[in-house]
Amino acid sequence: MSDATPPIGTGPLARREARLAWGLLFPTIFAVAAVVVLPLIAVFWISFKPVELGDLRPPEAIVREDLRGNPEAAGDEATLRYRLRNSSAEAGVTGVVLTDSWTPGLEPVAIDPRCNLDGAAFRCDFGDWEGGHRETLTIPVIVGQAFFDNGAEVDDTPAEIAFRSQSVLTSGEFTLDNFRAIFDGNEFWSVLGVTLFYTVFGTIGALVMGLFAAMLLNHSFKGQGILRGLYLFPYVAPVIAVAFAWILLFDPFSGSANALLVQMGVTDQAINFFGQRPLALLTVTAFEIWRYFPLSFLFILARMQSIDTDMYEAADMDGASPFQKFWYLSLPMLLGILSVLFLLRFIWTFNKFDDIFLLTGGNAGTRTLTVNVYEQAFAVSNIGAGAAVAVVIFGCLILFSFFFFRFISREEGL
Amino acid sequence: MRYLRFGYVTAPLLGALWMFVIAATVSVAMSFATGAAFRPWLPGALGLGAVLGLAAFWLPRAWALSALGAILAGALMSVGIGPVVTGAGISALSFVLTALALGIGTGWPLALFLRDLPVGVLTRHQFEGAVIRFLMGFGYIFFTAIVVIPFYVMVMTSLKNQAQLIQNPLDFSIDLSQGWGLFRSYVELVRDFRFGEYMWTSFYISVLTVLITLAFAIPGAYAVARLRFRGQAAFSRSILLIYMVPMIVLALPIYIAFSMTGLRNSITGIVMIYPVTTIPVALYMLQGYFRGLPAEVEEAGLMDGLSRLQVIWKITLPLSLPALASVSLYVFMIAWNEFLLAFMLLDDPSKFTLTRGIASLNSSEIPRQHLMAGSVIATVPIMALFLGLEKFMTKGLTAGSVKG
């Protein structure tokens, strides 16, 4: 009897399983690559490009054709006119060639040297055009009887124009100006500071509030289900709806919150919650806490309900007081979920764009990095600088996820 | 701390603090309900609260303490030194209501907080128990208030008109005699601003997103959860990593690519993008659930001659219907609430989703009750769906770590 040896390498069954796995994963990998990985590469590429919003459309050569001179009878003179231009004021187009089929019944008097007429095929070779180039090509013609017989118009067959152009997006031109622009001056550091403030306090606030809310609902009583549903409202409602509700509520002129505060004698005049530094930053942070405490509350509550009650009974036997039970039993048990939640929420708050964009538009000292991407790309219409900010965000993200994975491997709860 | 641990110190202290909380709550509630002037008066609230706290020793019954509170509050308010000070022209009804609310709101919970509390020295248990009950009571009021007020303002604003809103921003009382006229903002939105269409667009985009997401995520999640292949661990990590990439970073190149290919301003473009933002989440949630299913059932199926795909279709999917429901609900919510991409990619009013439609209402020419009516239209369906299926939702949210 020969020795039984364990198989070396992967057997056919395992290979088939792996093939099936990749087959099942392929659609997802493909879609994610197309919409996440490609754009990420594109962001890196664009961040080194001097590209503005207007450059998104590559330069084009454009032609319009018409017949001037109102010929009325055979033998009249007229002018066939091609108006040509480069659509871009800066970028050039190369190898411009005009082709058109010649309208029957028109007899050319003189033809521009760049053009030739071969039977019905009319062709002009213009070579290269600078940015902003425009010219009018005129060809005097004698109109023959055939033109009227056919009843044709000159632009029945549209003139076609072929050209090569290079968009700045695909050219070999690179620059570090975008990064220079965003790191220049104090603005970047204030934006980073605002982002960190918003992220740190938004995250901690949401966690603390979530913990408090979870403790409230960690009892069974009548109406617990209703309250739990109610406390999830801020998270479930569309952000745009609740953001506008907050804006109206805290409006300095006709907002209910201000009217209430004045009436209660807390303040003499209306407070501009979203319009003045540094209050605006506090208000948007409060909004962030308000909107996301439900999420932390759900996770913490789920963890709380899975804690073994035996421990509490034992603690009761030992005479632990309620606060001691919370501090020495509940909190250590919740530490795992709290740290994972902290990391997750930290990253997602850092990435948050909609909330601040809707509430203040990044004004009054609330511009975070993500809002800055939008500001640079669309308000200043410097796409390259926007992409550069996006690259910075992505760099921070890599840093965070490094920490995240060190933790998550220990906390397999999530 | 030790000086606080006497019944005759703790009880009036908690009573005073609680009375102030209730006075503030009642003032806010009455102001929002009637638009008239109510405000809490600190000395009055603290004084009456302390008295009630002490009275709790002799009147431990909740109803008795409430009655005493209501009578005292009413009496003090009528001479202007009550916990709540009212402006001129308050109707008798709202006066009585305020006094009653103050009495019940303070007396009832105080009786619970201070239950079985001795007058003299307190043990640590008794003291902390009372403080914790106080904090919990405060918590219920606080959280309910901060959640309810914005939504209340949203709904009530949508039912009023511009002139009323400017005149008294606090007056949310509704004139019921208008009948259906109350809803004219909604009628105008549907009639003049095409909100009916937007709702339909949002709905079918969300449903398509759910279907496409599931079609991609189910096989992917099954492969990650069940099949052995090299790179499995790395793969399940990179899913998490991908769903941490901020949307705004991707939105920029997507905007450029869509502008160049003409997909901008088209529903097709939106339906292509939305599922990809939700696939990682769905995949992550589903693979967690699949892992929890017993592998033996599937192996039995394999032994009986089913292929892997048949196993997924005939065994795994029927077993994971609850998970599929919560994932679908969650993906639907993301797609329905999505704002950034719709805002950047859609410019043509005939193709707006609801959120994009609301954003277009945010201009100074359009009265703000329209803006709020639009917000209500966007919020109500998702809320109804969510409350109806709350069990699935909460389970789904906690099953996979969920993005916000």
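Key figures for this structure:
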item	result
Residue selected from the range B:237-246 under the condition open to solvent by 20 Å² or more (accessible area, probe 1.4 Å) and without any contact (Cβ under 8 Å) to a residue 24 or more places away in the chain, by the criterion farthest from the other protein chains (Cβ to nearest Cβ)	B:S238
Residue in the range B:272-300 that is nearest to the chain's Cα centre (by Cα), counting only those that are more than 23 Å from B:M244 (Cα to Cα) and not small (G, A, S)	B:L293
Count - residues of the range A:306-324 that are closer than 18 Å to B:A130 by Cβ and under 50 Å from the mean Cα position of the chain (by Cα)	3
Selection status of B:I315, modelled with pLDDT of 90 or more, touching a helix residue (DSSP H, G or I) at 6+ places or on another chain (Cβ under 7 Å) and open to solvent by 20 Å² or more (accessible area, probe 1.4 Å)	no
Count of the range B:123-143 residues which are facing chain A (nearest Cβ under 7 Å) and not basic (K, R)	8
Selection from the range A:249-268 of residues that are under 24 Å from B:F339 (Cβ atoms) and either crowded, with 23+ Cβ neighbours inside 10 Å or touching a residue at least 24 places away in the same chain (Cβ under 8 Å) (or both)	A:F250, A:G255
Odd one out for B:N362, checked against (1) within 23 Å of B:P275 (Cβ to Cβ); (2) within 27 Å of the chain's Cα centre (by Cα); (3) open to solvent by 10 Å² or more (accessible area, probe 1.4 Å); (4) at pLDDT below 90	(1)
Some residue of the range B:216-236 being modelled with pLDDT under 80 and either open to solvent by less than 50 Å² (accessible area, probe 1.4 Å) or not hydrophobic (A, V, I, L, M, F, W, C) (or both)	yes
For B:D171: the one exception among (1) surrounded by 14 or more Cβ atoms within 10 Å (Cβ to Cβ); (2) part of a helix (DSSP H, G or I); (3) among the charged types (D, E, K, R)	(2)
Selected residue [part of a helix (DSSP H, G or I), more than 7 Å from chain B (Cβ to nearest Cβ) and not basic (K, R)] from A:F297, A:F253	A:F297
Conditions (1) open to solvent by 20 Å² or more (accessible area, probe 1.4 Å); (2) closer than 23 Å to A:S165 by Cβ; number of the one not met by A:A61	(1)
Odd one out for B:T144 among (1) assigned to a loop (DSSP other than H, G, I, E, B); (2) within 24 Å of the chain's Cα centre (by Cα); (3) β-branched (V, I, T)	(1)
Near pairs, Cβ below 9 angstrom, 6+ apart or cross-chain, from the range B:213-232 (assigned by TED's automatic domain parsing to the domain that holds B:K314) to any residue that is surrounded by 21 or more Cβ atoms within 10 Å (Cβ to Cβ) and of a type in the set (K, R)	B:Y222/B:R308; B:R226/B:R308; B:L227/B:R308
Helices (runs of 4 or more DSSP H) within the range B:303-377 that include 1 or more residues among the polar types (S, T, N, Q)	B:308-311, B:321-337, B:354-361
Near pairs, Cβ below 8 angstrom, 6+ apart or cross-chain, from the range B:247-266 (under 17 Å from A:V36 (Cα atoms) and in contact (Cβ under 8 Å) with a residue 12 or more places away in the chain) to any residue that is open to solvent by 10 Å² or more (accessible area, probe 1.4 Å) and outside any helix (DSSP H, G or I)	B:M247/A:N351; B:I248/A:N351; B:Y255/B:R264; B:F258/B:R264
Test result for A:Y292, more than 24 Å from A:L344 (Cβ to Cβ), in contact (Cβ under 8 Å) with a residue 12 or more places away in the chain, surrounded by 14 or more Cβ atoms within 10 Å (Cβ to Cβ) and of a type outside the set (G, A, S)	no
Residue count for the range B:248-261, restricted to those that are crowded, with 20+ Cβ neighbours inside 10 Å and either within 7 Å of chain A (Cβ to nearest Cβ) or touching a strand residue (DSSP E or B) at 6+ places or on another chain (Cβ under 6 Å) (or both)	7
Test: residue in the range A:187-205 that is at pLDDT below 85 and either open to solvent by 20 Å² or more (accessible area, probe 1.4 Å) or part of a helix (DSSP H, G or I) (or both)	yes
Counted residues, the range B:128-168 - those being open to solvent by less than 40 Å² (accessible area, probe 1.4 Å), more than 27 Å from A:Y235 (Cα to Cα) and among the β-branched types (V, I, T)	1
In the range A:213-245, the residues that are part of a helix (DSSP H, G or I), closer than 23 Å to B:V376 by Cβ and open to solvent by less than 20 Å² (accessible area, probe 1.4 Å)	A:G229, A:Y231, A:P234, A:Y235, A:V236, A:V239, A:I240, A:A241, A:V242, A:A243, A:F244, A:A245
Within the range B:188-228, considering residues that are part of a helix (DSSP H, G or I), touching a Gly at 6+ places or on another chain (Cβ under 9 Å) and away from chain A (no Cβ under 14 Å), the one nearest to A:A14 (Cα to Cα)	B:T201
When residues of the range A:160-186 are limited to those that are open to solvent by 90 Å² or more (accessible area, probe 1.4 Å) and in a strand (DSSP E or B), the one modelled with the highest pLDDT	A:E160
Helices (runs of 4 or more DSSP H) completely within the range B:1-100 that count 2 or more residues being farther than 30 Å from B:V121 by Cα	B:7-34, B:62-78
Criterion (surrounded by fewer than 21 Cβ atoms within 10 Å (Cβ to Cβ) and at positive phi) met by exactly one of B:G292, B:G305	B:G305
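The values are calculated or read from the model by the stated rules, or taken from the named source; none is laboratory data. Owing to the predicted nature of the structure, the values given are computational and were not obtained by experimental measurement. Virtual Cβ from ideal backbone geometry, glycine too; neighbours counted across all protein chains shown. Accessible surface areas use protein heavy atoms only, side chains included; no ligands, DNA or RNA. Shrake-Rupley method; radii C 1.70, N 1.55, O 1.52, S 1.80 Å.
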